[in-house]
Each structure stands twice: as structure tokens, then as C-alpha cells.
């Protein structure tokens, strides 16, 4: 053969785009998944003769583990290292002699810290507690906390819906959470508010569930119902499945029912439909038969065998017939179903002179006698309840000074809502005679009531914890404005309020018809008595002053800011704990114990704090000065204290108050606490005798001249929802020529 045929064709010159074959097949620096897959695929595929020949020439490879292996470090002997590498010159360091026993403490600290870290890692390894084995009462407490908005009629609809959906999700999660979630949900059935379907449909489903025999259901629903709020206009006045529903059908299957409230939307704000006639009336026999035990009932299957003893009931003059009139209520309260009432409400009970007499005859003696008899009957029905603690009187002219004097002295919660006849003089007389046991005092929409009773509040109510006053009023007639206050002045300058030491929350909103001087006196009484209010945690005021806007701005900058500095809590927010592990606090404290032991091993030095501060500042030898005398040091201390207050307010200053050097060396905690508060007060711009309370979680004070309205509009009233918004215009969707 010719030379041209014997010689193989020349290989193309390797370029960047076309590398040589040797570069492709050479052994990689380390084993990876990509290289292993490449060599495996190359051995199974057909290649050219040149590539096959190159592969045969390459040595065979045994694919090992894909994880790279580290090379072991070779041990180096001292002789080899000394002969091969020259020794490096190291600078000689001065070694300080350790304190006696220090090495033992350091060793103990390392051992304890390693044990604690191991315990923490062990705890963090299992972040989930045994959900399926948690007891029933634990889940019941958890779900009860979630269901708080369901039991509160004044809660927002969003919170209400979220609570209901959470309980339903918990009931569908597993068997261990189904019964406690349903128990909390049925404790106060949420059918009285529309959250995802009509309340009437929910009420019908609720009655159907109670109608099932307990032996045929997995969970006993009847004993779980304790609170029942029924809207008369929605459930009892309309026909359900062609039949008129009776109250007996609802109550007869509930053995543990404690709260039964029948209400009508006409009794709610703005209280302009109080004279509207309602067709539905509760029957006395129907009510008593529903509370009575079932004839032939069996307690083993969940039937009611005893009379239901109510704890809360609501009387409404428009929902009761003549056999349940005001003069018959004392007899009803003597029955077993009402004897143990702790909360009772009277709604829309008016004076007979305003309902049964003409306008000319209201001032007659006969009308006055009928009013006195009605007040006496109401007081008799109230005093007939021995365990009464919470009294609610709403939209009633029978509530006046004569009725307050006849109330029992064991009340712990008095709530007056939309009572026009109550005045500050009547309230002051009541508090001085009946205020010793009061814990809650709620006054809302009382048009004739001012704050003139506050001067006797501190001395008359030593146990008062919550004070809530709403000074907004509603129109009696929608055609003209008759919702102005009936008092002349809200609070005089000389009527200085007094506050009990047991007060926890104060909420007074829509404070109007007073002067700036009276407002300053009102807030000044709180700041002066801040030291005597140790458990005060909430302050909420809305002040309405008809003054110039510059003066209101000055009040916000001076008075409101000063109230915030005195009462607002200054502690940092709680730590964001995103795990439910419980760390061993005792072991965590052991980490800091060796530090105290080291301090105890060192020789005790008795030095003053002011000497420490002076010696801690390094001075060069060039500007050395002779030591100052004690009088010169005392002159320099105020300058140092003022500078230190700007750097750190909470830092302890030994010169704020006179204290001996022995107390400072021993670290008197009480002295440090008082000194820190004094330093904080001075840095805040207050006088030296001002007391910083700093324990209130809520301090909300608003100062404006906005006229109170029946409905306050907010941002949500002017936002369109996503469903109601118009879709974006798209020209491709227009079909004009079809």
C-alpha cells in the first residue's frame, strides 16, 4: 500500500470549541456524579475506532463512592520536622499566675456548658409534643382561649369568623381534638351571627343535632351547651319548616344551660325603636316547662332529670306578657330556675307616667304615685335574688336615684346603659353607700350623667378595678338633634378626682363640655396619684375640647406626652418564641454560677462607685494632676451625672441619693431601683419629685374637637372589596362587530 494510505489522516487541531479526545477521557481530579455518569455512558455507547483504541489503552477504573474522600494527614515526627523545616522564632509571652482554684472552675464551667448544650439539642430535636396523648382538659383550655370572640357579643365579625373556623378545623383534625373542639363550640353556639351561612339555617341544624338520641351519637352534645343567645326576630317569630317554634323545644334538652338571653334588634343602638310593638311574647308556661326536668328522663343517656338553674337571664318589657309583668317578677325569682341568678338585666322598663298618662297628667299626684310603685316593684324583684352580683339596666327611665338607694349592697358589677334619669349627684350618693363591694362600674350613654362623682370614687370604692364610661349619646328622634348632654359642665376645676389603689383599667371616651383647665386638673390627678396606683395597666381617654387648634397641639405635646412618659410601660416587648420546647431554667442558671464563684475567690475590695468611675478613666502621664479633694469631686458629679443620663438612662448613678459606701459595695437593690427611676424622671424632663409609673400596657389619649357621631366611619368604610371591583379593560375582549 502507498504511504498515503498507510498513514492515518491528521487529527484536527484542538480548539476551545473542539477539545482533544485526551482531555475528555483523562482521569478527573476527584470523583463526582457527573464524571461517573460520563464514563458509564461512554463505555456503553458505540464510538469511533480511534476513540475505542484510546479507551483500550487507558487503564481500567473501579468506580468508588461518589462522596469525595479526604486525604489522611501523615504523622510528622519531631526529628523530621526539626530537620526539614527551620524552627520559627516565637515571641516570649508573659504568663500571669492564675487565681487559686480558677482551673477547677473553668473545667467545671466547660463541663456544665457542654451538658446544657447537649440537653438543649436533645430538647430541640423533638419540637412537637405528643398531641394525640394530651389529656382532654388540656385541649379544652386551649380551645377555650381560641373561642373568646364567640362568647363576646361585641367582638368583630372577622375575629368571630376566625374563631369558628379554627374550632371546626380542630374538630376535623383527629379523634383526640374532635370532642374538646366541639365542646367549646357548643358551649356558646354561634348561630346568632351570620359568618358563613344564614343564622336560621344554623339554628335548624343545631336543633336537629340536639334531637338525636345520645345513644346514637358519638359525642353527647346536650350537656355541652351552657350559653344560649337567641334572636327573637330571626328564630322565634318566623316559621321553620312550616311550624312555629316554641322556646320549650330549644331548652328542654339542655341540662347544663346557665345563660339564656332573648333579645331583639329593636333594643340595640341607636335606641329609636323602643316604642315599637313586637308580636312575639314569651309564655310563662312555655318557659317553666322548658326549665323543668323531662318526665321519665334517664340521666344515663343524657336526659335532663333536674330543673335547669339559670345563672344569667334577661328581662324585656316588650317580650313578656301580662303574667310576667313587673309586679310578678319577684315571684318568678323565687322559683328554682331563677333562684340562683347571678346576672340579671332589665331592658326597656319605663315610668308609668311617661307611657300611661298624657303629657298634661304626668305631673299629677296619681302619676307620681304610680312611678314610685313601679320603682319599688323593680327594687323588690332585684333584692329577691340572694346571689345577684351583676346588674344591668338598659334603656329604662325607672333607673334613678330612688332605685339606686334600694339596690343591694353586695353588687360587684353595676352596668347602666342609656338611662336618662341618672345624674352625678345620684351616682355619688350610691357610691358612698353601696360602693364598698363594687369591682366593675360601667356607665354608657347616660345623657344626664357627668363626671361629678369622681371626687368620691377613691374613698367610696376601695375594691373598684374597672371603670368604663362612654359619654356618647343617641338621638331620640331622627328628625332633629336631641342628643346633647343634659348637664352643664362635665367636670369643674375644683372637683378633683380621687382614684382607688385597686384600679386596673380606666376608660372614659367622648369627654366634652368642659374647659382646658379642668382637663389639665383631671390628668394631673392621675399623675400625682401614680405612686398609689400599683396595679393600673390600662388608660384610655378621648378628650373633646372646643378651643383653638394651637392650644390642642400644645396639650398633645405637653400633657399627653407627659402622661405617656409617666404611665407607659418601657420594658422591651416579649421575646418571639417560635418553639414550644421548655428549656431547663435551672441548668441555664448554672452557667452563670461560676462567674459568681470566681468573684468570691478574689479578694474583696471595698471601693465606692464614684471612686471606680474616676479610676476607670485613663489619664496620660503628661497631663497628670494632683488628686482632687472630696469637695471638688462633689462639684464635678452633677456634670458627670447629666452626661451619663444622656448616654444611658437606666445606668445606676451612686450620687442620685445619699447612701453610704457600705450600701453601694453590697449592691443594695432597693436603692438602685429608686435611683434609676429618679434618673429616668430627670432625663424625661420631669421634676425630681415626679414618680414614673411605667406599668401600663395601654395608654391611649386622644385630644381633638371632633363632634361625636352615632357611627364613626373608618378606612374600611371607603375601600372596595376585591369581589366588587370592576375588572380591568382588555381591548381584545370587545366584540363590537358580531
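Each reported figure results from applying straightforward, stated rules to the coordinates on display, with no laboratory input. Values in this document were obtained by computation on a predicted structure and should not be read as measured data. Cβ sites come from the backbone with ideal geometry, for glycine too, and all protein chains shown count toward neighbours.
Each of 218, 533 has some number of other Cβ atoms within 10 Å of its Cβ, and from fewest to most they run 218, 533. Per-residue extension of 0.36 nm, minus the Cα-Cα distance of residue 138 and residue 176, leaves a gain of 12.6 nm for this segment. Where Rh denotes the Kirkwood radius from the mean inverse Cα pair distance, what is Rg over Rh for region 298-409? Rg/Rh for region 298-409 comes to 1.08. Counting every pair of alpha carbons in region 464-511, the share spaced more than 14 Å apart comes to 66 percent. Highest mean first, the peptides 404-415, 362-373 sorted by other C-beta atoms within 10 Å per residue fall in the order 404-415, 362-373. Packing, as the average of other Cβ atoms within 10 Å across residues, places the peptides 138-151, 548-561 in the order 138-151, 548-561, highest first. Label positions at residue 201 and residue 715, each projected 7 Å from the Cα along the C-beta direction, are separated by 3.4 nm. Here region 130-221 is treated as a Stokes sphere of Kirkwood radius computed over C-alpha pairs; at 37 °C and 0.692 mPa s its diffusion coefficient rounds to 237 µm²/s.
Please check which bits of region 172-192 a label hung off residue 226 would reach, taking the label as a point 7 Å along Cα-to-C-beta and the cut-off as backbone N under 16 Å. Answer for region 172-192: 180-190.
Overall shape of region 225-271 was characterised from the C-alpha gyration tensor. The equivalent ellipsoid obtained from it has semi-axes of 20, 17, 6 Å, in decreasing order.
Taken as Cα centroids, region 441-495 and region 314-393 sit 24 Å apart, rounded to the nearest whole angstrom.
Treat region 200-286 as a sphere of radius equal to its Kirkwood radius over Cα pairs and apply Stokes-Einstein at 10 °C in a medium of 1.306 mPa s; give the translational diffusion coefficient in µm²/s, rounded to a whole number. Rounded, D is 109 µm²/s. Listing 349, 487 from fewest to most neighbouring C-beta atoms within 10 Å gives 487, 349.
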